[in-house]
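Notes follow once the structure below has been shown.
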Amino acid sequence: MNDLSNYRRSYEKSELLEDSIPEDPINLFNRWFHEVEDFGGSGEVNAMTVSTIGLDGFPKSRVVLLKKFSEEGFIFYTNYNSEKGKAIAANPHVCLSFFWQEMERQVIIKGIAQKTSEIISDNYFDSRPDGSKLGAVVSNQSEVIPSRSFLEENLKKLETTFDGKSISRPEHWGGYIVTPLEVEFWQGRANRLHDRICYKSQPDFSWSIQRLSP
């Protein structure tokens, strides 16, 4: 057995206090996102974990890339026929989480996922390099395949088929926007007395703000 009980560190890089936060969690998320980006420590500051409840009843988490955020929500792209796509179709309640180790911060977002408009999905797909476009077309995401060579051979066939031609977005591939209902900001502090500030959406579209015990 690997004993990890001595793995610990003291978090002392920042603080999160009520007198320095905005009324809207998206504004605070924007501030934190760009502070981490400016800090330069995170390889992909937009990497986030998406958790869904699968058709088998089990939760499942995987890392994807956030591609846009605004007051309306958080957007990522995937294959709608994938395991996560099928899970969202059955239960759109999802959780997004960001862990920015260099700044000792986490953000946890509970929300409702729904497909973006076709125009939004088309525009993003058109912005991708051709290799990424073909990757979306060739992959039956989450399906069992016989080998790596099977995938690579099918990609070569597609490269020949689309040589010199435009590549359209497949109907089964596109974006999801997650409308936040609850956003928790976690700032590491010394002696495990971390700062946790939780925003909850209200019926009048305002946000309640609560401090949670660490």
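Size descriptors for the range 114-184: radius of gyration and Dmax over Cα atoms are 15.0, 48 Å.
Name the shape class, rounded, prolate or oblate, that the alpha-carbon gyration tensor gives for the range 13-136, where a ≥ b ≥ c are the square roots of its eigenvalues, rounded holds for a/c under 1.5, and otherwise prolate holds if a/b is larger than b/c and oblate otherwise. Prolate, since a/c reaches 1.5 and a/b exceeds b/c. Electrostatic bookkeeping for residue 123 treats Lys and Arg as +1 and Asp and Glu as -1; over the other residues with beta carbon under 15 Å from its beta carbon, the sum is +3.
D for the range 66-115, whole µm²/s, Stokes-Einstein with Kirkwood Rh over alpha-carbon pairs at 4 °C and 1.567 mPa s: what number? Answer, rounded: 106 µm²/s.
Note on the range 152-214: Cα Rg divided by 2.2 N^0.38 Å, N the number of residues, gives 2.19. Dimensions of the range 1-78 along the principal axes, based on C-alpha atoms and rounded to the nearest Å, stand at 43, 38, 26, largest first. Of interest is the spacing of the C-alpha centroids, which for the range 144-214 and the range 16-30 amounts to 22 Å. From most to least packed by mean Cβ count within 10 Å, the peptides 117-130, 4-17, 170-183 give 170-183, 117-130, 4-17.
Do you know the relative contact order of the chain, to the nearest whole percent, from alpha carbon pairs under 8 angstrom that are 6+ apart? Reported relative contact order: 25 percent.
With K and R counted +1 and D and E -1, the other residues having a Cβ less than 12 Å from that of residue 83 yield a net charge of +2.
Lysine pair count for the chain (Cα-Cα distance under 20 Å; residues 8 or more apart in sequence or on different chains): 24.
Every read-out reported here was derived from the displayed coordinates using simple, explicitly stated rules and does not represent laboratory data. Since the model is a prediction, treat every value here as computed from it, not as a measurement. Note that each Cβ is placed from the backbone with ideal geometry, even for glycine, and that neighbours are counted across all protein chains shown.
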